[in-house]
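A short worksheet on the structure shown next.
The values are calculated or read from the model by the stated rules, or taken from the named source; none is laboratory data. Since the structure is predicted, the reported quantities are computational estimates derived from the model, not experimental observations. Quick reminder, even Gly has a Cβ in these numbers, built from the backbone with ideal geometry, and neighbours come from all protein chains shown. Each accessible area value is taken on the protein alone, full model and side chains, heavy atoms only, with ligands, DNA and RNA left out. Shrake-Rupley method; radii C 1.70, N 1.55, O 1.52, S 1.80 Å.
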Amino acid sequence: MAISTLDELARFVRASVDRQPITDMHTHLYSPNMRDERGQGLLLWGVDALLTYHYLVAEVMRWSDVAPETFFGWPVEQQSALIWQKLFVEHSPVSEAERGVLTSFKALGLNLASRDLPAYRAAFAGVSPEAQVQRALQLANIAHVVMTNDPFDDAERPFWLNGGTIQPEFHAALRIDPLLRGWAEAWPRLQGWGYQVDADLGGNSVAEVQRFLREWAARTNPLYLAVSLPPDFTWPDGVDASDPRASITVASRMLAECILPVCRAVDIPFAMMIGSERAVNPGLRLAGDALGRSQLAFVARLAREFPGNRFFVTVLSRENQHELIVLGRKFRNLMVFGCWWFMNNPVIIEDMTRMRMEMLGTSFIPQHSDARVLEQVIYKWTHSRGIIAKVLIDKYADVMATGWQLEPTEIERDIADLLHDNFWRFCKRTPGV
Ligand code: RAT
Ligand code: ZN
């Protein structure tokens with residue numbers, strides 16, 4: 001029976017969005033069994049990790065006189081105590097990252113009225129990371145978590161080199177920033193690992209970088225290869241009209257000759273997260289990055305010139321969002337995804353989701369969490385589900401006003417596409433769990 005009233009529509013959409021298990025296509029979480037060589041778990045979780053999230057580090061620095069290097073030298077409990085005091089006690093926690101802590105705490109059953117940080121910590125004493133993963137994924141109703149797996153990360157490499165296997169809800173994504181934005185430091189490391197590469201990508205380098213990528217793809221079984229690119233990235237870069245091959249940059253060749261061919265061979269998409277300006281204030285470490293507006297013509301060039309490749313794309317500048325959506329309309333091998341990092345605020349999420357739906361229908365992926373700390377998935381998805389539902393209700397109401405009838409199963413299909421199926425279809429994979 002078709003939905004007949006706006007009240008019924010609103011209730012049904014909200015309930016369906018809440019019921020739909022999520023595939024969270026970009027996080028910085030790890031399967032809880034992943035450890036570094038000293039046995040330290042790679043997954044961040046719990047009260048102190050939540051409070052020392054780099055989004056909150058940036059915010060506390062505005063209220064505190066402590067020097068960043070002093071702050072980072074403190075034990076994590078001291079850092080989180082300062083953040084709690086400054087951002088939650090001395091000022092009201094109204095920013096999105098602050099509010100997020102409260103949403104997660106509440107869902108986890110903590111008593112927000114007490115404002116008792118030691119009691120919050122004590123609530124998780126004795127809890128295992130495995131148990132907390134199950135709890136957080138259940139509270140956020142997440143079926144699949146895609147990690148960010150960096151073969152250049154010394155903490156993570158040994159796990160994979162030793163043949164580690166991950167829990168079934170977790171999936172790998174191979175992150176290869178150093179190949180495209182740090183080759184000068186990356187090539188000697190590759191050489192040290194036995195790959196015959198050089199600074200200019202000469203000799204056997206192309207085949208050897210491809211071998212490196214293929215071996216890591218075999219090791220991690222990634223759903224996609226990923227990179228975060230600076231605002232001024234372009235492709236091809238440095239081409240001289242009279243001698244096109246002479247001055248093309250190493251990064252441009254790396255992309256066209258190494259990365260994209262391996263993505264084609266392994267049949268996985270390449271994810272480009274475009275617009276991150278690293279270390280604008282280096283003393284703040286992870287909290288010190290900013291963003292810049294990009295020229296997205298290169299995205300169109302890549303989608304056009306490499307029709308055999310599939311590209312996930314998200315952009316960090318608000319000013320680039322509309323342009324990216326237009327490109328999404330032009331290329332079926334381009335999948336627009338997520339409200340990334342500085343875009344992950346209600347006002348912008350709503351704006352972006354409306355624009356995307358008005359121009360792409362339901363053929364996009366509205367959100368990813370980018371969670372670095374396990375329990376963040378709870379707030380990121382609670383907040384985003386609410387906004388996605390709100391936009392859907394408006395759009396369905398507009399459609400119903402024309403006399404079009406909507407079946408509940410059609411609404412459920414659309415929501416499953418947005419929050420789960422579009423991702424897997426674009427990856428050409430069937431989820432295992
Ligand atoms: O959102 C973040 O946590 C950023 O620090 C970045 O990690 C960004 O999401 C990225 O993947 O580069
Ligand atoms: Zn990220």
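Some notes on this structure:
- Over the residues of the chain, the helix contribution to mean residue ellipticity at 222 nm works out to -13000 deg cm²/dmol, using -39500 (n - 2.57) for each DSSP H run of at least 4.
- Rg and Dmax of the stretch 47-123, both derived from C-alpha coordinates alone, stand at 11.8, 34 Å.
- The stretch 294-357, relative contact order in percent, only Cα pairs under 8 angstrom and at least six apart counted: 33
- Debye, to nearest 20: dipole size of the stretch 71-173, +1 on Lys, Arg Cβ, -1 on Asp, Glu Cβ: 380
- Apportionment of accessible area to carbon and sulfur, the stretch 47-123, percent (1.4 Å): 53
- Here the accessible area of the stretch 276-414 is 53 percent carbon and sulfur, with a 1.4 angstrom probe and all protein chains present.
- Given a 1.4 Å probe and the protein chains as shown, TRP63 ends up with an accessible area of around 140 Å².
- Short-range pairs are left out: with C-alpha atoms under 8 Å and at least six residues apart, the relative contact order of the chain is 22 percent.
- Positive dipole terminus of the stretch 135-216, leading residue within TRP193, LEU213, LEU139 (C-beta point charges): LEU139
- Put a plus charge on the Cβ of each Lys and Arg, a minus charge on the Cβ of each Asp and Glu, and nothing anywhere else: the dipole of the stretch 47-123 about its Cα centre is then about 240 debye.
- Cut-off of 10 Å, at most 15 other beta carbons, DSSP loop: longest stretch of the chain lacking such GluC sites (Glu not before Pro): 91-433
- For the chain, the solvent-accessible area of protein heavy atoms averages 42 Å² per residue (probe radius 1.4 Å; ligands and nucleic acids excluded).
- Of the trypsin sites (Lys or Arg not before Pro) found in the stretch 349-433, those in coil by DSSP whose Cβ has at most 12 other Cβ atoms within 10 Å are LYS428.
- Volume per residue of the convex hull around the Cα atoms, evaluated for the chain, comes out as 157 Å³.
- Measuring between their Cα centroids, the stretch 192-221 and the stretch 332-370 lie 34 Å from each other.
- Relative contact order of the stretch 47-123, taken over Cα pairs closer than 8 Å and 6 or more residues apart, is 35 percent.
- Taking all protein chains together and rolling a 1.4 Å probe, HIS91 ends up with roughly 50 Å² accessible.
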